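Reading through the structure tokens given below for one structure.
The values are calculated or read from the model by the stated rules, or taken from the named source; none is laboratory data. Worth saying up front: this structure is predicted, and the values here are computed from it rather than measured. Positions of Cβ are generated from backbone atoms using ideal geometry, with glycine treated the same way; all protein chains shown enter the neighbour counts.
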Amino acid sequence: MKMCLKQGKMIRTPYPELASKHTAHKKRIWDFKLTKIMKNKCILEGKLRNLFAVLMSLCDSKTKHQVESSPKFNDLEKTLDSMGLLALIEKLVYTGGANNIHMRHNKAMAIMKLMTLYQEKFQDIQEFRDQYLAKQKVCNELGINFGRCEGDAKAMLTKQGITEPTTAQLKKATNKVEEELNASIFMYKTDRSRYAKIIEQKENDVLEGRDMFAKTVADA
């Protein structure tokens, strides 16, 4: 039984009993019931509430002060919203809070880490893809965009017969242009000892008017 003091809410945990002298069959039934209970909503809710305290305890004094100074913190603490707290901490870590100098430094470091990232000789391609996407996410969180060229987006739409695109169409096309650019950058950052021939073939395809490059990093 756990008490949420912030809400005055009782969370009961109905664990099944297992006799000290039990048969193998009863033990299997007990295991089944316990597994089912651990997936129960109230158990998951209790775990999330515990996570709030764990996250706060893991913050250093500076981050904790920034979190507690946020106008969102009171509501997060009142409901013990651990996912909301995690999002707040993530944003503070990426942007440095209200410290613009810290933000500029973070942006510079994020760009450098993405640009200097290359697949290691024996690194698995899926692992490298995940690593690249993680660096790209940091850039997105910091508002750093690569290749968001409105001219390229309009040219793409013109080929599709859309000469006067709406705001939504232009935004969608711009997002696509940016994603295609990231896919191309990712391809060139792979291990050349393994993928040089594939990249060379794709470059030859482009020269012949066939764009065979992947359109997303996930498909690269």
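Could you tell me whether segment 125-139 includes any residue that is exposed (fewer than 13 other Cβ atoms within 10 Å of the Cβ), more than 14 Å from residue 186 (Cβ to Cβ) and either assigned by TED's automatic domain parsing to the domain that holds residue 187 or modelled with pLDDT of 85 or more (or both)? Checked against the condition, which is being exposed (fewer than 13 other Cβ atoms within 10 Å of the Cβ), more than 14 Å from residue 186 (Cβ to Cβ) and either assigned by TED's automatic domain parsing to the domain that holds residue 187 or modelled with pLDDT of 85 or more (or both), segment 125-139 yields no hits at all.
Of all residues in segment 195-220, those being in a loop (DSSP other than H, G, I, E, B) and β-branched (Val, Ile, Thr) number 2. Can you tell me which residue within segment 207-219, out of those that are surrounded by 12 or more Cβ atoms within 10 Å (Cβ to Cβ) and not aromatic (Phe, Trp, Tyr), is farthest from residue 181 (Cα to Cα)? Only one residue fits best here, namely 212.
Looking across segment 166-186, just one residue is surrounded by fewer than 13 Cβ atoms within 10 Å (Cβ to Cβ) and of a type in the set (A, V, I, L, M), and that is 168. When 189, 197 are checked against the criterion of being among the basic types (Lys, Arg), modelled with pLDDT of 90 or more and surrounded by 15 or more Cβ atoms within 10 Å (Cβ to Cβ), 189 stands alone in meeting it. Taken together, the criteria exclude residue 110 from residues that are at pLDDT 90 or above and of a type in the set (A, V, I, L, M). Out of 121, 202, one residue alone is surrounded by 14 or more Cβ atoms within 10 Å (Cβ to Cβ) and either charged (D, E, K, R) or touching a Phe, Trp or Tyr at 6+ places or on another chain (Cβ under 6 Å) (or both). It is 202.
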